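**Student:** What follows is a single structure, and I will ask about it in a moment.
The values are calculated or read from the model by the stated rules, or taken from the named source; none is laboratory data. Keep in mind that what you see is a predicted model, and the values were worked out from it rather than measured. Don't worry about glycine lacking a Cβ; one is built from the backbone with ideal geometry, like all the others, and counts go over all protein chains shown. The area values use the complete protein model at the heavy-atom level, side chains included, leaving out ligands, DNA and RNA. Shrake-Rupley method; radii C 1.70, N 1.55, O 1.52, S 1.80 Å.
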Amino acid sequence: MMRLPKFRYHAPRTVAEAAAILHGDGPQAMVVAGGTDLYPNMKRRHQVPKTLVGLRKIERLRGVKGGSARGLWVGPATTLTELEEDGQIRRHYPGLFQAIHSISTPILRNMGTIGGNICLDTRCNYYDQNYEWRRAINFCMKCDGDTCWVAPGSDICLAVSSSDTAPVLCAYGARVHLVSKKGERTIEAKELYKRDGIHYLTKRPDEILTGITLPPAARWRSSYRKLRRREAFDFPVLGVAACVRFEGDVVADARLWLGAVSMAPVQATQAETALAGRPLTEESIEEAARLAYPLAKPVDNTDFGVRWRKEMTRQFIREALLEIRTR
Ligand SMILES: Cc1cc2nc3c(=O)[nH]c(=O)nc-3n(C[C@H](O)[C@H](O)[C@H](O)COP(=O)(O)OP(=O)(O)OC[C@H]3O[C@@H](n4cnc5c(N)ncnc54)[C@H](O)[C@@H]3O)c2cc1C
């Protein structure tokens, strides 16, 4: 049986109190929301924080406010189940609904939060193992070792961004609010991620994610397609998020993001440009898929063969855009 290491647990009731604890305890402290990612990681000794700051008692971090016309504010400590059952998200942000609905299992979605999903640790076959397994290979660059076993010549860790909501939030142009003892800032969701499997967030360890804002849904249609071995539950090994805004029959704006094929979500800008200014036809969809799929550069550190994952990128872009056409 894998046991949690010892830690001190704080349950603050305000963001200010939580920020003060993080500031005071420094890098030894971490935030925990639902714990569905962090606790298994702690059992495998990936992270061994001396202090955990639980967010469950901070009311201000929960719930959904606003409307599809003005945009939504989503509290990061809102559970995935609560968001899955939210009528506005289901009706007006279907791509986000699809992503949330596809995360793990109903029981884990009852505990897991959107904030935890946004900050989810990157994943790799050489990392997501227990301590003894990792010690047997002399550890890896992401934790306790020096070598990236997927690409031993690599200077950076290639662990994969495996959050289902990350590419969707980037595609919507969502913004995230961060608070620390030093102040507050708001950045675009896409600015939160870095192509580095170890330092995969631009968020500092003392910063708490306190809100996510989604822009107005008007005239945007969205879709999310996910590749995984088991439909019942599994992390993505490819995610395709598409958002398209129409003016009449013509695509006024298109956003296409790929998840789980790199250390951060990847924007397919050339494909976005190719889609804009004309109707969404089979030809334009085919062109977008052709332009976007080379950006998927999966390496052999998750499930399925690399070539097939890459080829499925092309197929899933087609499927996501075709779904948008019928919405
Ligand atoms: C069997 C299994 C299957 C899974 N399948 C999927 C899947 O298919 N897709 C997927 O995306 N995920 C999957 N997950 C991962 C996880 O369940 C979800 O990502 C979940 O949303 C994480 O949320 P949490 O609240 O439990 O995060 P936690 O475990 O509490 O936290 C995760 C990370 O986020 C940080 N964090 C959390 N909230 C905040 C905040 N407000 N501010 C700053 N930092 C914060 C924590 O410090 C930690 O680093 C799976 C997990 C398991 C165990």
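**Student:** Where the only charges are on Cβ atoms (+1 Lys, Arg; -1 Asp, Glu), what is the dipole of the range 106-247 about its Cα centre, to the nearest 20 debye? Mind showing how you got there, number by number?
**Tutor:** Numbers: 22 positive and 16 negative charges, 94 e Å.
Computed about the Cα centre, the dipole is about 460 debye.
**Student:** Based on the mean of other beta carbon atoms within 10 Å per residue, what is the order of 134-142, 162-170, most packed first?
**Tutor:** Values: 134-142: 17.3, 162-170: 28.1.
By packing density, highest mean first, the sequence is 162-170, 134-142.
**Student:** Using +1 on the beta carbon of Lys and Arg, -1 on that of Asp and Glu, and nothing else charged, what's the dipole of the chain about the Cα centre, debye to 20? Let's see the in-between values first.
**Tutor:** Values: 49 positive and 36 negative charges, 145 e Å.
Rounded to the nearest 20 debye, it is 700 debye.
**Student:** Aspartates and glutamates within cross-link reach of K6: Cα-Cα under 20 Å, excluding same-chain residues under 8 positions apart?
**Tutor:** Cα-Cα hits under 20 Å: D25, D37, E132, D144.
**Student:** Keeping all protein chains in place, calculate the accessible area per residue for the chain (probe 1.4 angstrom), answer in Å². All intermediate terms of the calculation are to be shown ahead of the outcome.
**Tutor:** On the way: 14970 Å² over 327 residues.
Dividing the accessible area of the chain by its residue count gives 46 Å².
**Student:** Considering only protein heavy atoms and a probe of 1.4 Å, how much of the accessible area of the chain is carbon and sulfur, as a whole percent?
**Tutor:** Numbers: 7650 of 14970 Å².
After summing per-atom areas, the C and S share lands at 51 percent.
**Student:** For Y9, Y200, Y39, Y172, write out the residues from largest to smallest accessible area, computed with a 1.4 angstrom probe and no ligands counted. Write out the running numbers ahead of the final one.
**Tutor:** Values: Y9 110, Y200 40, Y39 60, Y172 15 Å².
Greatest to least solvent exposure: Y9, Y39, Y200, Y172.
**Student:** Ok, one more. May I ask which of K65/K190; K57/K297; K203/K226 have a Cα-Cα span longer than 32 Å here? Numbers along the way, then the final one.
**Tutor:** Numbers: K65/K190 22 Å; K57/K297 41 Å; K203/K226 26 Å.
The pairs that break the limit, which is 32 Å between Cα atoms, are K57/K297.
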